[in-house]
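All remarks here apply to the structure that follows.
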Amino acid sequence: MDVTFNIMNFTKPDSLFNYGMKVSIYSEKMAESGSGWFKGGERISYYGNGIRKDINYYSKQYYTCSFTYKFLHDDDTVFFAYCVPYTYSDLMQDIFEIESDPARKAICSRRTLSKTLAGIDCDMLTITEKGGFEEMKAKKAVVISARVHPGETVGSWMMRGVLNFLTDPVNEEAKLLRKHFVFKVIPMLNPDGVINGNYRCSLAGCDLNRRW
């Protein structure tokens, strides 16, 4: 059965959906046979729908994303997302795997940067080759962060790759970077928003990217 979906509350005037990007889809029936999230949907379009917004906002109207999906199984539950989810639990699992590897743990330490409004740890990882005081003092610092906006899950997938690379104990490029730099990595700046399913804001309803 083909069903067309119209999501009508987007605010940006253009989208990657107009340039070939597909919808992220998860089918419980398909997952039973080993399939996870996949890209799909047909007749995808993104366009202004004429519904007016507050004229003081940078976008003066809402935009609609429209797509058609063919349901392949009866009694199925299907989830649709802008991109594949990455949860706070996923992050904890990724950090656990780093800390469970003695070679990676030797070049990566974790501490709590702050507590969130909900009392969740906002973790910061320090990644570098260990050395003496003067050697460490001479290194430049690099700060990398992700997920200040909870809905931007693509940032977490990129961060997963960054962490895997920077903590790789045998990669020569990673070794060279750790020799000359100290990496301060905050992989999830807004864990409250991620856990509670917010798209852009914190538990206080604030865009943390505007609150530094």
Calculated Rg and Dmax of the stretch 1-146 using C-alpha coordinates, Å: 22.4, 67
17 Å Cα-Cα reach of residue 70 towards aspartates and glutamates, excluding residues that sit fewer than 8 places from it in its own chain: 2, 28, 42
Over 20 Å [Cα-Cα, the stretch 77-187], rounded percent: 44
Heavy-atom accessible area per residue - the stretch 40-198, 1.4 Å, Å²: 56
Under 20 Å from the Cα of residue 179 - lysines, other chains or at least 8 residues apart: 105, 130, 137, 139, 140
Helical mean residue ellipticity (222 nm; -39500 (n - 2.57) per DSSP H run of 4+; nearest 500) of the chain: -6500 deg cm²/dmol
Hits among aspartates and glutamates - C-alpha to C-alpha of residue 184 under 15 Å, sequence gap 8 or more where chains match: 123, 129
Accessible carbon and sulfur surface of the stretch 81-212 relative to its total accessible area, %, 1.4 Å: 59
Exposed-site-free run, longest, the chain (rule: trypsin sites (Lys or Arg not before Pro); DSSP loop; at most 15 other C-beta within 10 Å): 131-210
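The values are calculated or read from the model by the stated rules, or taken from the named source; none is laboratory data. Bear in mind that the values here come from a model prediction, so they are computed numbers and not experimental data. Heads up, the Cβs are rebuilt from the backbone with ideal geometry, glycines too, and the neighbour counts pull from every protein chain shown. Heads up: the accessible areas ignore ligands, DNA and RNA and are worked out on the full protein's heavy atoms, side chains in. Shrake-Rupley method; radii C 1.70, N 1.55, O 1.52, S 1.80 Å.
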